[in-house]
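Read through the structure below, which is laid out as structure tokens, and then see the notes.
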């Protein structure tokens, strides 16, 4: 996303050096700035928080920009910036109502803790003493089904999920109607703004713009997977490298296993007969058609990844020294995998593990928010899609990836769950240990977050904190903004040759014929699972100073092939039906999120996916009439179904032409 503030960098710095003097600047604004920058303040703002607030002020009062965006890394203190801007607008511009919008319950609950009883304004002492009475104007109203909208009149800050302003069944939202009809001038704060391009989200912001004097978008990931961006102007970018230089976040270290060969079992789904068992080299894996996710979700690879993750958990506990409790966060690809991981971690490794998915009860979500506390009974949490943006537990010190990320947005959001530091005041550097698998091909993500990658890690390897700390890269700063080259606009009209542009592209265009595309998909009736691994050996590293490395064969690798363990869980046909419904619901939510659409289309996408499964995997039968083997096969094939529906253009086609099958 383009930084629209670049042409004004020099004048902005001159304004700062001139102690914030400008003919357009209100005297109350200067008073506010000098107050929050006072070096004698008890609780000082971080440098990037000061910068974000100052840029917002300059953009509004000097440049006349009324819709701006701050791109600030997770852990960079966005909430304090929002509160600081609210305090300035109340003090200098007499705006009395502030709408804070967010995409989900997890984000809302976190913000509620900060804004209840004006807590964040009091903690940071944003108002000079003479203006302290304004704190009484910033009570919090939370949008909700059981909350009367009249409460907005008595509260300065209104917090809610964007969905609570959506129209339903042709009826305008009661909350939105009340805002538009009864509230005066207001300012809008659009948290996690990368969700904005969803059409419903955009429509709500357009409605609010009729009354809004100012809008501030905040996000750590403005560039979406669907190439859409918020319609606000980005004026500040504070990324991972900046935060690492300022020691605000953890350094990321990636641990990848040392595997040489893989033993494969091919099973015919219809007969259950095992076709063959063979050993192949890494280079042949792609030819066999094994999904990258399967490398970490089948039984043997899963246990290996867990052992590596538990090694990192033990190291993080040593570094914590009892001051806090490090937490292992596991990201699974589907609900069945997530449940299996929880079962393995608890039964095989005696690790108390919490499961949080879309079907989880509210109590489990509250446990997830509390999991970093010393009195929490859980050492690990497993999730599919729920714990993404807004779930902020600094104690997350290890992340184990059991799914492949194709979306830069989702990948960054997941890693962001572990970036916040636990110890902030004494300059102690911390690491986020990520257990990955090379076949998941996340190199682009590790480059993006500046990670250090440790390859060929065995289950018995042990590392110390100094060895694992990546080098801090030099921060890049704009030195001479006046030397920026402005790219001129193209004169005249250019007729693009779309036929040539799209020739050879494999993307699915937005089309009424999307059903024909789905009908052309076939799923072979066989499945492949990984039943054995061969490690090169265990690397034994002496940490006493001699720094020697030796390899020894592992006992596990020398064992004769064992019979496959029998599953400890037996699923009835009704259990499988319910599980498939839950998985497809989860997939529908993921598809809509990835493609930038609101949850209002979840029923449409769910029905489309289920109809596709009925036709292709159930031989035309409905879910209620499908046989057990077909249900098991459908659950097995979900990763392929996900890839089909993730094709660019397919979900937008379904949403644009929902009646194309009629």
Response to the item:
(1) in a helix (DSSP H, G or I); (2) at pLDDT 90 or above; (3) within 18 Å of residue 100 (Cβ to Cβ) all hold for residue 189 apart from (1)
Worksheet entry | Residues (surrounded by fewer than 18 Cβ atoms within 10 Å (Cβ to Cβ) and assigned to a strand (DSSP E or B)) located in region 201-223 | 213
Item to complete: Can you give me the number of residues within region 149-166 that are without any contact (Cβ under 8 Å) to a residue 24 or more places away in the chain and either more than 20 Å from residue 105 (Cβ to Cβ) or in the same structural domain as residue 599 (by TED's automatic domain parsing) (or both)?
Response: 1
Worksheet, complete the sentence: If you go through 13, 49, the only one that is assigned by TED's automatic domain parsing to the domain that holds residue 231, closer than 29 Å to residue 408 by Cβ and assigned to a helix (DSSP H, G or I) is 49
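Would you point out the residue of region 637-662, among those that are within 18 Å of residue 524 (Cβ to Cβ) and in contact with a helix residue (DSSP H, G or I) (Cβ under 9 Å, 6 or more places away or on another chain), that is modelled with the lowest pLDDT?
Our first condition is that a residue be within 18 Å of residue 524 (Cβ to Cβ); within region 637-662, this holds for 637-644.
Going one step further and asking which of them are in contact with a helix residue (DSSP H, G or I) (Cβ under 9 Å, 6 or more places away or on another chain), we end up with 637-639, 641-642, 644.
Details: 637: 89, 638: 89, 639: 85, 641: 92, 642: 89, 644: 92.
The selected residue is 639.
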Item to complete: State which residue is nearest to residue 271 (Cα to Cα) when the search covers only region 624-662 and only residues that are in a helix (DSSP H, G or I) and more than 32 Å from the chain's Cα centre (by Cα).
Response: 629
Fill in: One residue from 153, 134 being more than 30 Å from residue 651 (Cβ to Cβ), modelled with pLDDT of 90 or more and not in a loop (DSSP other than H, G, I, E, B)
134
Worksheet item: Going by the conditions given, is residue 453 outside any strand (DSSP E or B), under 20 Å from residue 305 (Cβ atoms) and in contact with a helix residue (DSSP H, G or I) (Cβ under 8 Å, 6 or more places away or on another chain)?
Response: no
Discussion item. Suppose the filter is out of contact with any strand residue (DSSP E or B) (no Cβ under 8 Å at 6 or more places or on another chain) and not in a helix (DSSP H, G or I); does residue 403 pass it?
Written reply: no
Fill in: residue 111 vs. criteria assigned to a strand (DSSP E or B), touching a helix residue (DSSP H, G or I) at 6+ places or on another chain (Cβ under 8 Å) and surrounded by 17 or more Cβ atoms within 10 Å (Cβ to Cβ)
no
Item to complete: Report, by residue number, each residue of region 16-46 that is outside any helix (DSSP H, G or I) and touching a residue at least 60 places away in the same chain (Cβ under 8 Å).
Response: 26, 41, 42, 43, 45, 46
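Suppose we keep only residues that are part of a loop (DSSP other than H, G, I, E, B) and closer than 30 Å to residue 161 by Cβ within region 551-606. Which one would you say is modelled with the highest pLDDT?
597
The values are calculated or read from the model by the stated rules, or taken from the named source; none is laboratory data. Every value quoted in this text rests on a predicted model; they were computed, and no experiment measured them. With ideal geometry, Cβ positions are generated from the backbone for all residues, glycine too; neighbour counts draw on all protein chains shown.
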